[in-house]
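Taking it in order: structure first as C-alpha cells, then the write-up.
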Amino acid sequence: MRSFPLKIVTPDGMQFEGEAEELVVRTIDGEIGIMAGHVNLVTALGMGRALVVCDGKRREAACIGGILSVLDGRVSLVPTTFEWADTIDVHRAEAAEERARKMLEQKSQLSSVEQRLAEARLKRALVRKSVAAESGVH
C-alpha cells in the first residue's frame, strides 16, 4: 500500500511525524479517510476517534478539535487535543466525566456558555474513555 507524509502537531508539540498508509478522523461534517493521492483539502476537525495506519499497524487516538490539511500529498493534522489510546489516563477521563455530569445536573444555575462548556467537557471525557476501552486500555 502506498504511503504519504503525515504530521500530527498539537499545542503541546509534535505527536507524530512519518509515513502513513491511512488516516481516518472525524471532521465537523463526519468521518473522513485519507490515503496516498488524496485531493487537496482543508477541513475543521470534530471530536472522535482517529485511526493512523503505519507499516500495516493500526494505532488509535482520541482527536478533538483543530484542522486537517492535505496539500500536494502531504497531510497535516493539527488537533487541539490528541491522545494515543495507550496513553489515555482512564481514571482522569472518568473524573472529568463525573465533574461534567455534576455541573450539568445544575443546568438551571449555569449560563448558556457554562452549559456548553460542561457539555463539551463531558463529550471529550466520553470520547477518551471510548477510545481507551476499545483499544483495551484500562
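The values are calculated or read from the model by the stated rules, or taken from the named source; none is laboratory data. Owing to the predicted nature of the structure, the values given are computational and were not obtained by experimental measurement. Backbone-built Cβ (ideal geometry, glycine too); neighbour counts: all protein chains shown. Protein only, heavy atoms only, side chains kept; ligands, DNA and RNA dropped before computing areas. Shrake-Rupley method; radii C 1.70, N 1.55, O 1.52, S 1.80 Å.
In nm, give the distance between the simple-model label positions of residue 120 and residue 95, each being 7 Å from the Cα along the Cα-to-Cβ direction.
Placing both labels 7 Å along Cα→Cβ, they lie 2.2 nm apart.
Just name one of 120, 18, 56: the one whose Cα is farthest towards the positive end of the charge dipole of the chain (beta-carbon charges, Lys/Arg +1, Asp/Glu -1).
120
Measure out, as a whole number of angstrom, how far apart the alpha-carbon centroids of the stretch 93-138 and the stretch 24-87 sit.
One Cα centre to the other: 22 Å.
Using Cα positions and a limit of under 19 Å, work out the aspartates and glutamates in reach of residue 102, with same-chain residues fewer than 8 apart set aside.
Answer for residue 102, where 19 Å is the Cα cut-off: 94, 114, 119, listed by chain and number.
Using the Karplus equation 6.51 cos²θ - 1.76 cosθ + 1.60 (θ = phi - 60°), what ³J(HN,Hα) coupling, rounded to whole Hz, does each residue of the stretch 79-91 give in order, writing x for Gly and Pro?
x, 5, 9, 8, 10, 4, 3, 6, 10, 6, 8, 4, 4
Lys and Arg at +1, Asp and Glu at -1: add these up for the other residues within a Cβ distance under 14 Å of residue 110 and post the number.
Result for the neighbourhood of residue 110: +3.
For residue 47, enumerate residues with amide H under 5 Å from its amide H, sequence gap 5+ or separate chain, H modeled in the peptide plane.
Those lying under 5 Å, H to H, from residue 47 are 65.
Quick one: accessible surface of residue 3, probe radius 1.4 Å, all protein chains present, in square angstrom to the nearest 10.
50
Accessible area per residue of the chain at 1.4 Å probe, in Å²?
Dividing the accessible area of the chain by its residue count gives 58 Å².
Can you compute 3J(HN,Hα) from phi for each residue in the stretch 5-17, using the Karplus curve 6.51 cos²θ - 1.76 cosθ + 1.60 with θ = phi - 60°, rounded to whole Hz and x for Gly and Pro?
x, 10, 10, 10, 10, 10, x, 7, x, 5, 9, 6, 8
How far is it, in nm, from the label point at residue 102 to the one at residue 31 when both lie 7 Å from their Cα along the line to the Cβ?
3.4
If I stretch the segment between residue 2 and residue 57 completely, what's the gain in nm (0.36 nm per residue apart, minus their alpha carbon distance), one decimal?
Length gained between residue 2 and residue 57: 18.4 nm.
If you fit an axis through the alpha-carbon atoms of helix 112-134 and take the longest principal axis of the Cα set of the chain, what angle between them do you get, 0 to 90°, nearest 10?
Taking the Cα atoms of the chain, the angle to 112-134 is about 50 degrees.
Among 103, 28, 43, pick out the residue whose Cα is farthest towards the positive end of the charge dipole of the chain, where Lys and Arg carry +1 and Asp and Glu carry -1 on C-beta, about the Cα centre.
103
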